[in-house]
Protein chains: 2
Amino acid sequence: MKAVGLVVEYNPFHNGHLHHVIKAKEDSEADVVIAVMSGSFLQRGEPALVSKRVRAEMALQAGVDIVVELPYGYAVQTAPYFAEGAVRLLTALQCATLHFGSEEGDIDRFLQLNAFMKKNDHDYQQQIKAFLKKGYAYPRASAEAFAFLHEARTQLPLSEPNNILGYHYVQQIDAQASPMEPLTTLRIAANYHDEDMGEGTIASATSIRKALLHKKEVDHVLPASTARLLDYYKQTHGHVHFWENYYSYLKYQILTRTPAELEQIAECEEGLEYRLIETGLQATSFSDWLTRLKTKRYTKTRLQRLFVHLLTNTTKEEMATVRSNRENDYIRLLGMSETGKSYLNQYKKAFSLPVVTREAELRHYGVLASLDQRATACYWLTKPGALHSEAMKQEFQATPLFLKNS
Amino acid sequence: MKAVGLVVEYNPFHNGHLHHVIKAKEDSEADVVIAVMSGSFLQRGEPALVSKRVRAEMALQAGVDIVVELPYGYAVQTAPYFAEGAVRLLTALQCATLHFGSEEGDIDRFLQLNAFMKKNDHDYQQQIKAFLKKGYAYPRASAEAFAFLHEARTQLPLSEPNNILGYHYVQQIDAQASPMEPLTTLRIAANYHDEDMGEGTIASATSIRKALLHKKEVDHVLPASTARLLDYYKQTHGHVHFWENYYSYLKYQILTRTPAELEQIAECEEGLEYRLIETGLQATSFSDWLTRLKTKRYTKTRLQRLFVHLLTNTTKEEMATVRSNRENDYIRLLGMSETGKSYLNQYKKAFSLPVVTREAELRHYGVLASLDQRATACYWLTKPGALHSEAMKQEFQATPLFLKNS
């Protein structure tokens with residue numbers, strides 16, 4: 001059996017994702033589609049709309065065969081670390097191909113760029129430093145450095161979010177000497193950052209989340225199974241998860257921590273602890289806080305990741321431990337189809353990382369695993385009192401979803 | 001003008017307290033009654049039912065002339081530290097007398113005991129150690145050591161809570177070479193620990209809190225002014241403050257802190273951090289958690305104080321700093337009557353500590369003051385979102401209450 005790997009967040013799973021699953025299977029001629037998916041919190045520093053378990057179910061219902069979780073220590077990170085984790089897991093799962101959507105659409109551009117950047121890495125790093133010194137945020141500094149270095153040679157615009165991620169997948173496949181073949185397809189119809197949903201059946205996840213926040217209709221851009229699962233989630237839990245649901249805990253943190261304690265939080269750098277306290281005391285909501293905290297130097301994404309680490313109390317020290325202990329990686333299996341199960345049965349022994357089927361088992365692993373457990377516990381802070389314990393118990397004890405052929 | 005000092009919590013102010021105010025003024029022949037009162041959290045490790053400002057108003061309405069706050073660093077402590085702070089403040093305020101209610105009622109017993117204990121301190125400490133080794137909690141160990149050492153000589157039972165406090169006031173007046181004269185009066189009608197309210201007009205604060213928790217009638221045991229202020233508080237804020245209101249934040253702490261981090265919390269000793277996590281994950285409410293956490297070694301009061309420190313993130317290091325920096329003490333003025341104002345105008349210059357009139361000014365003081373600010377911020381965690389900021393702003397900016405003669 002041949003497997004194709006996807007790197008996803010499915011927040012929520014929509015028609016664009018469905019298109020990608022079909023295209024990936026087609027392009028790679030694979031029998032099995034494996035998705036490595038962010039867990040409770042996402043790369044752009046947000047709580048997932050619905051739990052990772054339900055997002056895994058959305059994926060299985062739409063044709064994905066295996067869903068595994070990208071650990072928090074990789075997922076709530078800048079693109080290079082995010083890509084590193086995703087490539088490690090998909091390689092361990094013996095995927096033949098990594099397939100990603102991009103604004104570019106031509107894999108050769110990515111391969112050429114990787115070759116070029118390897119050759120010119122020293123110059124590139126120097127340029128980034130120079131732009132950082134000018135006060136640019138890292139994503140812009142690296143984009144400017146890239147443009148500066150690269151303009152004449154190719155036209156792969158790294159300002160586009162999926163091009164950046166794609167470039168880092170290709171770069172990591174090379175750096176990790178992974179046997180996976182990278183493939184890409186052009187993203188259709190919706191841009192990643194589009195905030196407004198059009199009339200068509202494809203819309204960006206950003207615009208869908210915005211519509212959900214304002215309680216607008218989204219069913220026409222979702223597979224029927226996603227729409228049903230979203231409705232059921234809202235009925236069962238009474239809410240989907242937005243940042244505002246966690247605001248009181250973030251505020252509690254800055255009310256009770258000294259600047260020295262806050263400075264230990266991952267990504268809390270260059271005096272951000274003082275700005276966090278100052279702006280936090282003035283703010284009246286999460287979005288107000290984020291607006292007050294924002295400066296030219298830091299992107300919204302960067303600050304939201306800081307908020308995730310603040311919420312989960314993830315320290316610089318823990319992140320450093322995670323980065324220096326890659327041997328503690330694991331494959332956390334969230335769900336599988338019948339085809340997925342056959343694949344696992346057939347290839348499990350060949351996997352280069354252990355498969356963890358229940359959240360509770362993570363206690364046998366290292367800091368990377370404890371961050372996942374903590375993130376899950378924090379994710380359910382939306383539930384009061386005994387309901388929180390109940391939600392945690394369910395998440396910690398649940399075995400992977402299994403979707404039978406219908 | 002002659003002043004009598006009282007050490008109080010007024011949680012809430014009731015008819016027994018009213019009796020004490022009148023008796024204290026009478027016994028001491030004082031013109032002015034000064035109460036030093038615990039702030040947001042109490043000696044027995046509980047949030048105060050209503051804010052310190054409203055409790056100060058209850059006291060002023062019932063005849064107290066000046067209310068000052070006993071800082072958190074003294075208040076949420078065992079009897080010796082609690083007494084140390086109270087005696088320091090009342091001495092600084094130039095009180096001629098310290099007047100306390102006790103189960104004993106005869107001040108000579110306290111003076112005799114203090115003389116005896118000074119002479120036999122070494123033996124007493126040895127006995128305490130011996131009882132602690134047997135696994136007794138500190139209050140019981142000290143009570144047993146006391147009985148063992150003292151049985152034949154006097155009959156002042158230190159098992160009674162107000163006798164213990166009274167003994168420590170007398171002991172501290174002596175140790176601090178305070179010119180205050182200690183006086184005591186027999187507590188009437190209700191025992192401190194009585195959980196059930198009788199038919200009379202005097203009931204213990206414990207029984208009143210219990211009745212309030214179960215929404216029972218309490219007006220017959222309260223001065224009319226207290227009853228009115230309690231009603232108004234419930235109308236304005238929608239609640240009075242019980243431990244259950246803070247449960248989610250305590251739980252959040254143990255979900256996101258490592259055992260090593262929890263071990264830094266004040267009073268988190270001998271592996272309690274592991275028990276906190278273990279029992280916290282099983283508990284379904286604050287009271288359930290407390291029950292699960294309880295062992296022979298630790299009293300409920302001791303564990304509740306640990307919970308207060310956990311809520312406010314007060315560390316062992318901070319408490320040690322407070323204890324070694326008594327020169328950073330201050331008098332935080334909460335309220336005054338016209339008589340109180342005259343007294344302050346007349347004697348303020350003679351006070352041995354600075355008077356702080358607004359919570360916000362505390363930022364100019366040391367760790368003791370920052371713990372007070374933090375405790376106030378945590379106290380209002382019962383308010384969601386923007387309402388919390390509003391409540392904090394009011395507390396931080398408010399000037400002391402001033403009650404004009406009617």
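The values are calculated or read from the model by the stated rules, or taken from the named source; none is laboratory data. The structure displayed is predicted, hence computed values, not measured ones. Backbone-built Cβ (ideal geometry, glycine too); neighbour counts: all protein chains shown. Please note that ligands, DNA and RNA were not included when accessible areas were found on the heavy atoms of the full protein model with its side chains. Shrake-Rupley method; radii C 1.70, N 1.55, O 1.52, S 1.80 Å.
Regarding A:Leu344, is this residue touching a helix residue (DSSP H, G or I) at 6+ places or on another chain (Cβ under 6 Å), farther than 26 Å from B:Leu255 by Cα, surrounded by 15 or more Cβ atoms within 10 Å (Cβ to Cβ) and in contact (Cβ under 8 Å) with a residue 40 or more places away in the chain? Spell out the reasoning first.
Details: touching a helix residue (DSSP H, G or I) at 6+ places or on another chain (Cβ under 6 Å): no; farther than 26 Å from B:Leu255 by Cα: yes; surrounded by 15 or more Cβ atoms within 10 Å (Cβ to Cβ): yes; in contact (Cβ under 8 Å) with a residue 40 or more places away in the chain: yes.
In short, no.
Results for (1) within 12 Å of chain A (Cβ to nearest Cβ); (2) in contact with a strand residue (DSSP E or B) (Cβ under 8 Å, 6 or more places away or on another chain), shown as yes or no for each residue.
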site	(1), (2)
B:Glu317	yes, no
B:Ser324	no, no
B:Glu327	no, no
B:Asn345	no, no
B:Pro354	no, yes
B:Ala360	yes, no
B:Tyr365	no, yes
B:Gln373	yes, no
B:Leu403	no, yes
Of all residues being closer than 29 Å to A:Ser342 by Cα and open to solvent by 20 Å² or more (accessible area, probe 1.4 Å) in segment A:375-394, which is nearest to the other protein chains (Cβ to nearest Cβ)? Just the residue, please. A:Lys393
Filter the helices (runs of 4 or more DSSP H) completely within segment B:285-400 down to those with at least 1 residues that are outside the structural domain of B:Arg275 (by TED's automatic domain parsing) and closer than 18 Å to B:Ser51 by Cα. B:367-379, B:385-397
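Filter segment B:178-223 down to the residues that are of a type in the set (A, V, I, L, M, F, W, C) and at pLDDT 95 or above and list them by number. Spell out how you get there, then give the answer.
The initial filter retains those residues of segment B:178-223 that are of a type in the set (A, V, I, L, M, F, W, C), namely B:180, B:183, B:186, B:188-190, B:197, B:202-203, B:205, B:208, B:211-213, B:218, B:221-222.
Listed by number, the residues that qualify are B:Met180, B:Leu183.
How about segment B:278-294: which of its residues are more than 11 Å from every other protein chain (Cβ to nearest Cβ) and either surrounded by fewer than 17 Cβ atoms within 10 Å (Cβ to Cβ) or not hydrophobic (A, V, I, L, M, F, W, C) (or both)? If you could, list the steps in order and put the result at the bottom.
Going residue by residue through segment B:278-294, those that are more than 11 Å from every other protein chain (Cβ to nearest Cβ) are B:278-279, B:287, B:290-294.
Listed by number, the residues that qualify are B:Glu278, B:Thr279, B:Ser287, B:Thr291, B:Arg292, B:Lys294.
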Check off (1) open to solvent by 20 Å² or more (accessible area, probe 1.4 Å); (2) over 17 Å from A:Ala83 (Cα atoms) for A:Ala137 and give me the number that stays unchecked. (1)
When you look at A:Val240, is it outside any helix (DSSP H, G or I) and either surrounded by 14 or more Cβ atoms within 10 Å (Cβ to Cβ) or outside the structural domain of A:Leu381 (by TED's automatic domain parsing) (or both), yes or no? yes
What single numbered condition from (1) within 30 Å of B:Gly63 (Cβ to Cβ); (2) open to solvent by less than 20 Å² (accessible area, probe 1.4 Å) fails to hold for B:Val322? (1)
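Residue-by-condition table, conditions (1) out of contact with any Pro (no Cβ under 6 Å at 6 or more places or on another chain); (2) open to solvent by 10 Å² or more (accessible area, probe 1.4 Å); (3) part of a helix (DSSP H, G or I):
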{"residue": "A:Lys215", "(1), (2), (3)": "yes, yes, no"}
{"residue": "A:Tyr232", "(1), (2), (3)": "yes, yes, yes"}
{"residue": "A:Ser248", "(1), (2), (3)": "yes, yes, yes"}
{"residue": "A:Gln253", "(1), (2), (3)": "yes, no, yes"}
{"residue": "A:Ala260", "(1), (2), (3)": "yes, yes, yes"}
{"residue": "A:Glu273", "(1), (2), (3)": "no, yes, yes"}
